[in-house]
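What follows is a short report on a single structure.
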Amino acid sequence: MRYHKLYPNILFYIDISTYTSPSTMSSPFNPYAEQHKDPKGPGDDRPTALQILKDNKLIGAWADKVVLITGATSGIGIETTRAMYATGARVFILVRDTTKAQPIVDDIVTSTKGFGSIGIIQMDLDSLESVKNAAKEFLEKSSQLNVLINNAGMYLWTHLRLLTFTSTSHS
């Protein structure tokens, strides 16, 4: 029996027939429910993405997979990239600023036990031309895509401020 589980931005496929749940897990269908009942912030009992990968025997298991991640240079995007790198996958990150991305990639590669690779592709979601160029560059580098993680957000504040200014300046 197979099922998939979506855990913050990461899709896992687990083969239940061969799966043995670590003692800290409450069940294979809701394995981390107990740890999430009373969150206390960073460093509490909740598992990290890397711990979930270890529990599910996915470290180094995705050498034949290609992962594409948007929004990989801050917050959960960095940890998502770190986790996908640890699986052994070929990871591509789509970023606005490649100079900001390179030190992040360097840190992940040097601080994370992984056998994958991380490629950087420049893409600005505010520009359709940039999105098209990023898609073209990705297709030049890979003919397959197994996992797409959409983590990027667009800043609406600038547009809202402009709309507010425009609508109030004409009255």
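The values are calculated or read from the model by the stated rules, or taken from the named source; none is laboratory data. In this text, all values refer to a predicted model and were calculated from it rather than measured experimentally. A quick note on method: Cβ atoms are made from the backbone with ideal geometry, for glycine too, and the neighbour counts reach across all protein chains shown. The protein model used for the area step is the full one, side chains on, heavy atoms only, and it has no ligands, DNA or RNA in it. Shrake-Rupley method; radii C 1.70, N 1.55, O 1.52, S 1.80 Å.
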Worksheet item: In the range 113-146, which residue that is assigned to a helix (DSSP H, G or I) and charged (D, E, K, R) is farthest from the chain's Cα centre (by Cα)?
Response: Glu129
Item to complete: Residue by residue through the range 64-112, note down the ones that are aliphatic (A, V, I, L, M) and assigned to a helix (DSSP H, G or I).
Response: Ile76, Ile78, Ala83, Met84, Ala86, Ala101, Ile104, Val105, Ile108, Val109
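Being open to solvent by 40 Å² or more (accessible area, probe 1.4 Å) and modelled with pLDDT of 95 or more: is that true of Lys113 here? Before you say what the answer is, go through the steps one by one.
On the way: open to solvent by 40 Å² or more (accessible area, probe 1.4 Å): yes; modelled with pLDDT of 95 or more: no.
No.
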Practice prompt. Could you grab the pairs with beta carbons closer than 6 Å, sequence gap of 6+ or different chains, first residue in the range 53-75 and in contact (Cβ under 8 Å) with a residue 24 or more places away in the chain, second one open to solvent by 60 Å² or more (accessible area, probe 1.4 Å) and assigned to a strand (DSSP E or B)?
Written response: Val66/Arg90; Leu68/Leu148
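Sort through Thr80, Thr98 and tell me the only one that's open to solvent by 30 Å² or more (accessible area, probe 1.4 Å), in contact with a strand residue (DSSP E or B) (Cβ under 7 Å, 6 or more places away or on another chain) and closer than 21 Å to Leu145 by Cβ.
Values: Thr80 fails: open to solvent by 30 Å² or more (accessible area, probe 1.4 Å).
When all the criteria are applied, what remains is Thr98.
Can you tell me which residues in the range 116-152 are open to solvent by 60 Å² or more (accessible area, probe 1.4 Å) and under 16 Å from Ala72 (Cα atoms)? Break it down stepwise before answering.
The initial filter retains those residues of the range 116-152 that are open to solvent by 60 Å² or more (accessible area, probe 1.4 Å), namely 122, 125-126, 128-129, 132-133, 136, 139-141, 143-146, 148, 150.
Scanning the range 116-152 gives Gln122, Leu125, Leu148, Asn150.
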Worksheet item: Is there any pair with a first residue in the range 125-154 that is in contact (Cβ under 8 Å) with a residue 24 or more places away in the chain and within 13 Å of Leu94 (Cα to Cα) and a second that is aliphatic (A, V, I, L, M) and open to solvent by 80 Å² or more (accessible area, probe 1.4 Å) whose Cβ atoms are under 6 Å apart and which are 6 or more apart or on different chains, and what are they?
Response: Leu125/Met154
Discussion item. For the range 63-77, give me each residue that is touching a Phe, Trp or Tyr at 6+ places or on another chain (Cβ under 9 Å) and open to solvent by 10 Å² or more (accessible area, probe 1.4 Å).
Written reply: Ala63, Leu68
Discussion item. Testing His4 on (1) buried (at least 20 other Cβ atoms within 10 Å of the Cβ); (2) modelled with pLDDT under 85; (3) not in a loop (DSSP other than H, G, I, E, B); (4) not β-branched (Val, Ile, Thr), one condition comes back false. Which one is that?
Written reply: (1)
